[in-house]
Every structure is written in structure tokens, then in C-alpha cells.
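Just below is one structure, and these are the notes that go with it.
The numbers here are math on the coordinates, done by the rules we state, and not lab data. What you see is a predicted model; the values in this text were computed from it and never measured. Cβ placement follows ideal geometry from the backbone for every residue including glycine, while neighbour counts extend to all protein chains displayed.
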Amino acid sequence: MSVASADDAAAAVAAEGSATGSLPATEHGHYFPSAAKVFSRGTHRLHSSIAGPVVALLPGERAPAHIYANAGPLGLSTFAGTTFLLSLANARIGFEKPDVVIGMAYFFGGVVQLIAGTWEFAAGNTFGATAFTAYGGFWLAYGYLVTPGTGVLAAYGADYDQLKHALGCFMVAWTIFTWMMTVAAHKTNVALFATLCFTSLSFPLTAAGLFTSEAGAPPNGLLQASGWVGICAAISAWYTALSGLLTPQTSTFTLPNPKL
């Protein structure tokens with residue numbers, strides 16, 4: 001059947017449906033002129049088009065729900081990996097200069113976590129969407145702040161007191177947000193709640209460490225403590241991610257992660 005004849009067939013079915021009341025095209029117009037075939041199945045008109053079969057719903061009917069993959073393990077993994085790397089630098093484990101975190105902050109902790117958050121919106125998970133998109137924004141903002149050439153840190157010049165207070169206030173803002181998310185997680189599960197508890201402790205320690213830091217000095221005790229707590233947050237986030245991946249349908253074993 002040619003495209004033109006398919007169009008004629010679709011038009012004929014539409015006219016027939018309008019006349020009989022079985023498929024009132026004027027109400028919702030679910031017709032596809034490019035269909036190769038137009039035929040009936042039950043109470044629906046099923047159009048076999050170049051994009052595959054498309055069901056035209058009758059008035060009062062609802063489209064079948066989409067099934068989305070679980071974006072939680074991806075979002076948690078991006079958070080864990082980037083947090084772990086920065087926390088190693090703060091705790092002075094292996095290296096001290098955090099420049100290596102910049103790429104992770106932009107792409108893994110930032111862009112990929114934003115993608116995970118977007119899919120959580122699509123899946124209807126308000127908590128996951130809020131957490132992943134917000135922390136994705138945090139890592140993008142952090143990466144931009146510490147990237148040489150952006151001019152953000154250079155704008156403070158030699159005034160280190162202004163710089164450390166500005167960065168400390170930046171961390172205070174994220175402390176407040178993290179406390180809010182921790183409260184909202186009180187009915188999720190143990191591993192996720194633990195992740196947010198560690199994170200809600202790491203942020204204020206980082207803020208306090210920045211407020212009390214000295215120009216050119218290595219990370220003080222508060223910053224080092226924030227690094228150790230951040231490592232715990234990262235490990236807990238990885239555990240939560242793995243528990244989401246090891247489902248009874250995809251794994252021979254699962255990880256304990258009791259609901260609260």
C-alpha cells in the first residue's frame with residue numbers, strides 16, 4: 001500500500017469512526033497520515049506507522065505508564081566518586097592539591113548527576129530529583145569556582161580573609177540544604193540516611209575549616225576532619241548505589257538496606 005493510499009485509508013477510518021461514534025477524530029485527532037496500515041483492535045484504533053504501532057486512545061482512556069530504569073545508583077555513584085576524591089585532598093591522603101577534582105566536578109559529579117536527577121523527575125521521584133539535580137549544581141559551581149581562568153578566586157586578590165569567608169558562606173548554604181534533605185530522608189532507608197548524615201556533618205566542618213584557615217597553610221584540623229567524614233559519606237553512597245543495583249531480578253544476592 002502506498003503512502004497516499006494509506007492516507008486515504010486513515011481518512012476513511014477517521015470518517016467512519018466519527019460517524020459511528022467509535023473514534024471521534026474531532027475530539028482528540030489521534031490519526032497518523034503516514035501510517036502503512038490502519039486497523040481496529042478491541043476498542044482502540046491501532047495505527048502501524050513508520051515509528052511503530054501507535055494506539056489512539058478513546059475519550060476517558062489513559063495511556064499506559066512508562067517504565068523507567070532506576071537512576072538512583074547512577075546519581076549516588078556520581079556523588080560518591082566526586083566526594084571521595086575531594087575528601088582525600090582535604091584529609092591529605094595521597095595528595096593535597098585538589099585540582100584533579102575539577103574534571104570530576106564538571107562532568108561526573110555535575111553533568112552526569114544532573115542527568116540522573118532529570119530522569120528521577122520523569123520517574124516521579126521528587127526526593128531523588130531534588131537531591132541529584134541540586135548536588136549536580138553544587139559540583140558544577142564548585143568546579144567553576146576553583147577553575148583557573150574563571151576569575152572568581154582572582155577577584156579577591158590578596159584579600160584572603162574575604163576569600164575564606166566567601167567560600168565558608170558558600171559551604172554554609174549547602175550545609176542548610178543538606179540538613180533539609182537529611183530531614184526529608186527520615187523515611188527512606190538506612191544507607192541513604194547515613195549518607196546524608198555524614199554529608200550534613202562534612203559541610204559544616206568544611207565551612208568551619210575555611211573560616212579558620214590561614215593563607216598558604218595546609219588544611220587545618222577541621223578541614224582534615226571534613227575530609228574523613230566525606231570519605232564515610234562516599235562509602236555510604238556507594239553502598240546505597242550497589243544495594244540498588246543488586247536486585248532480586250538481576251543478582252543472586254542482595255545487600256541489606258532496611259527501610260526506615
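Coupling constants for the range 91-97 follow from the phi torsions by the Karplus curve (6.51 cos²θ - 1.76 cosθ + 1.60, θ = phi - 60°), and in residue order they are 7, 6, 10, x, 7, 10, 7 Hz; glycine and proline get x. For the range 165-212 and the range 75-118, write down the distance between their C-alpha centroids in whole Å. So the separation of the two Cα centres works out to 16 Å. Highest mean packing comes first when the peptides 231-237, 172-178, 73-79 are listed by Cβ atoms within 10 Å, giving 73-79, 231-237, 172-178. Find the relative contact order for the range 72-245 and round it to a whole percent, using C-alpha pairs within less than 8 Å whose residues are 6+ positions apart. So the answer I get is 32 percent. Size descriptors for the range 135-185 (Cα atoms only): Rg and Dmax, in that order, 13.2, 42 Å. In sequence order, the range 181-190 has phi-based couplings of 5, 5, 4, 5, 8, 5, 10, 8, 8, 4 Hz under the Karplus curve 6.51 cos²θ - 1.76 cosθ + 1.60, θ = phi - 60°, and Gly or Pro positions carry x.
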